[in-house]
Amino acid sequence: MSRAHVYNRDHINTDEIIPARYLNTDDEQELAKHCLEDLDEGFVDKVAEGDIIVGGEDFGCGSSREHAVWAIRGAKVQTVIARTFARIFYRNAINCGFYLIESPEAPDHINDGDDIEINYEAGYVMNKTTGAEIKFNPLPDFAVEIINDGGLLEHVKKSM
Amino acid sequence: MGMTITEKILAKAANKKTVRPGELIDAKIDVVMCHDVTTPAAISMLVEKGIDKVFDKDKIVVTPDHFQPAKDVKSAELHRRLDRWARRHQITHYYELGRAGVCHALLPEQGHIRPGEVIVGGDSHTCTYGAFAAFSTGIGSTDLAAAIATGKLWFKVPASMKLVLNGSLAPGVYSKDVILAIIARIGTDGALYQAMEFVGLALSEMSMEARMTMTNMAIEAGAKNGIMAFDDTTKRYLDEHLKDEKEYTVYESDADAAYVRVEEFDCSAFEPMVALPHLPSGGVPIGDCAGEAMDQAYIGSCTNGRIEDLRIAAKILKGKKVAIRTIVVPATPTIWKQAMDEGLFDIFYDAGCVISAPTCGACLGGFMGVLAEGEKCVSTTNRNFVGRMGHPKSEVYLASPATAAASAIQGKLTDPRGYI
Ligand code: SF4
């Protein structure tokens with residue numbers, strides 16, 4: 001099952017996702033040990049592979065550190081669902097092939113601990129605990145293309 | 001319909017006649033800024049993908065700054081990876097320790113920023129360079145890798161928002177107060193995905209240093225870039241700082257360009273501002289928070305670590321003693337030397353401040369002034385997020401160098417106008 005970890009707050013920033021004190025490395029596994037540390041100290045102990053983070057508006061605001069995406073991916077989180085994402089975080093995620101789900105409504109229908117299933121192609125989030133089904137706008141085609149290529153570098157390599 | 005300055009620069013970079021907000025473009029990059037936190041990862045990616053090359057060794061500017069001089073073994077490793085790469089590719093503009101400085105203060109000062117160009121950097125405050133009528137934005141490591149290797153990046157053309165700064169600033173009120181007031185009004189996502197275009201009398205009266213403080217914080221309102229028109233002040237700065245290539249193209253917004261939003265501000269009514277924890281949008285006039293006890297004052301960073309900022313702080317600290325730990329960080333070696341030559345170091349020393357080498361240091365809670373649990377710091381930096389300067393339970397209060405200096409003397413948030 002994919003459990004939802006709900007943080008019912010706007011502006012969850014990159015310093016909370018991966019504090020700057022850990023930026024002296026770019027090792028994903030190392031970063032993952034401190035994922036969300038300043039937001040929820042217990043997060044890394046309770047997160048399991050395939051789980052989902054749910055946030056409010058402007059998720060990932062702040063620094064351009066891609067380390068924020070790596071820390072989340074390194075913690076084996078499947079995706080982040082938020083009402084909106086901060087610009088650089090959103091771009092970084094696409095560039096490193098990590099699918100994000102932007103949906104103004106979905107957070108209203110997910111409680112902490114709910115079992116979530118996502119259909120990326122059809123664009124809906126299924127809450128298996130409550131039975132709710134919420135549609136979201138899938139990422140634009142060019143972004144999906146980058147993700148399918150395995151990230152921006154593989155994508156540009158094709159045209160080099 | 002006309003185009004904004006941002007649209008014109010992006011159209012040129014994409015080799016198109018016109019572009020419209022929302023359009024996806026492939027833009028040619030003129031300058032790529034690289035520092036010690038995000039670049040080593042970009043280098044590793046390039047090596048791993050077998051595309052370890054640079055698009056133009058003259059157009060990549062490299063400076064370690066976040067953890068320099070190295071604060072521990074891990075950051076020393078980052079510096080070594082950056083150093084080996086810069087040497088391997090014979091990067092022309094590689095600033096090593098002794099010449100390295102806080103990136104966003106260093107690049108304009110060393111003449112790497114020209115109007116009309118597209119500049120990207122592996123740092124969110126790369127938006128600073130928009131003060132020079134350039135398009136400039138922060139990117140992450142993967143984008144950085146792609147920009148380094150290809151000199152090109154995809155962009156979605158941002159819609160523009162116009163911020164009209166009417167009136168003149170009163171004494172004791174600075175560009176930092178203006179940008180804090182703006183972000184307090186529009187919010188940390190008030191300009192999400194947009195270009196923030198600043199115009200108006202108050203802006204035209206500001207020095208380039210003061211202008212950079214404002215474009216620096218465009219990202220704190222979620223903007224993709226901050227931008228300002230070229231004028232005599234811009235020209236004077238460039239005449240002084242550009243080195244070899246002195247040519248550039250000046251673009252201006254058309255009178256009938258489209259803006260998604262226009263916000264007017266009466267700057268003559270602004271007071272010194274303090275952004276309370278934990279968001280840069282938490283700005284309130286000093287009158288609403290004066291008296292709050294502080295443990296530390298920090299004067300430095302890419303927002304307010306320039307010579308003008310140090311002069312403002314020194315003027316207030318002259319002949320006074322600080323009541324709390326006060327850390328002064330000249331942002332680049334040139335600023336450091338200038339401050340020393342002008343006698344500012346004597347003033348800081350006599351007042352009881354410590355003067356650091358140019359570094360990002362404590363601005364991001366790295367080193368050189370990290371806060372303990374429960375401590376409060378009045379800081380001239382740009383972010384006051386939870387844990388930004390140290391312990392997650394410490395607090396950062398953003399303010400101008402004048403307010404930070406006055407507060408350092410009193411040991412509590414203080415209106416600088418009493419010292420001017
Ligand atoms: S001084 Fe602070 S905000 Fe500026 S680049 Fe360094 S860490 Fe970032």
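Does any residue of the stretch A:20-30 turn out to be within 14 Å of chain B (Cβ to nearest Cβ), in a loop (DSSP other than H, G, I, E, B) and either within 14 Å of the chain's Cα centre (by Cα) or among the hydroxyl-bearing types (Ser, Thr, Tyr) (or both)? Yes, some residue in the stretch A:20-30 is within 14 Å of chain B (Cβ to nearest Cβ), in a loop (DSSP other than H, G, I, E, B) and either within 14 Å of the chain's Cα centre (by Cα) or among the hydroxyl-bearing types (Ser, Thr, Tyr) (or both).
Table: residues versus (1) within 14 Å of another protein chain (Cβ to nearest Cβ); (2) within 16 Å of the ligand (Cβ to nearest atom).
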| residue | (1), (2) |
| --- | --- |
| B:LYS320 | no, no |
| B:VAL329 | no, yes |
| B:CYS353 | no, no |
| B:THR359 | yes, yes |
| B:THR381 | yes, yes |
| B:PRO392 | yes, no |
| B:ASP415 | no, no |
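Go through the stretch B:258-297 and report how many residues are more than 14 Å from every other protein chain (Cβ to nearest Cβ), part of a loop (DSSP other than H, G, I, E, B) and under 30 Å from B:VAL157 (Cα atoms).
Residues of the stretch B:258-297 that are more than 14 Å from every other protein chain (Cβ to nearest Cβ), as a first pass: B:258-274, B:276, B:283-297.
Retained after the next criterion (residues that are part of a loop (DSSP other than H, G, I, E, B)): B:258-260, B:270-272, B:276, B:289-292, B:294-295.
Going one step further and asking which of them are under 30 Å from B:VAL157 (Cα atoms), we end up with B:258-260.
Of the residues in that region, 3 qualify.
The residue of the stretch B:71-114 that is nearest to the ligand (Cβ to nearest atom), among those that are under 21 Å from B:LEU242 (Cα atoms) and basic (Lys, Arg), is B:ARG99. Taking the stretch B:156-257 and the helices (runs of 4 or more DSSP H) fully enclosed by it, the elements with 1 or more residues that are within 16 Å of the ligand (Cβ to nearest atom) and β-branched (Val, Ile, Thr) are at B:175-186, B:208-216.
This table checks each residue for (1) within 30 Å of B:ARG80 (Cβ to Cβ); (2) buried (at least 19 other Cβ atoms within 10 Å of the Cβ); (3) among the acidic types (Asp, Glu).
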| residue | (1), (2), (3) |
| --- | --- |
| A:ARG3 | no, no, no |
| A:THR14 | yes, yes, no |
| A:GLU37 | yes, yes, yes |
| A:VAL54 | no, yes, no |
| A:GLY74 | yes, yes, no |
| A:ILE88 | yes, yes, no |
| A:ASN92 | yes, yes, no |
| A:PHE98 | yes, yes, no |
| A:ILE101 | no, yes, no |
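Identify all residues within the stretch B:142-158 that are facing chain A (nearest Cβ under 9 Å) and small (Gly, Ala, Ser); write none if there are none. B:ALA145, B:ALA146, B:ALA149, listed by residue number. Kindly evaluate B:ASP288 against the criterion of being assigned by TED's automatic domain parsing to the domain that holds B:THR234, within 24 Å of B:GLY190 (Cα to Cα) and either over 23 Å from the mean Cα position of the chain (by Cα) or free of Cβ contacts under 8 Å to residues at least 40 places away in the same chain (or both). When the stated conditions are applied, B:ASP288 does not pass them.
The values are calculated or read from the model by the stated rules, or taken from the named source; none is laboratory data. Bear in mind the structure is a predicted one, so any value in this text is a computation, not a measurement. Positions of Cβ are backbone-derived with ideal geometry, glycine not excepted, and every protein chain shown enters the neighbour counts.
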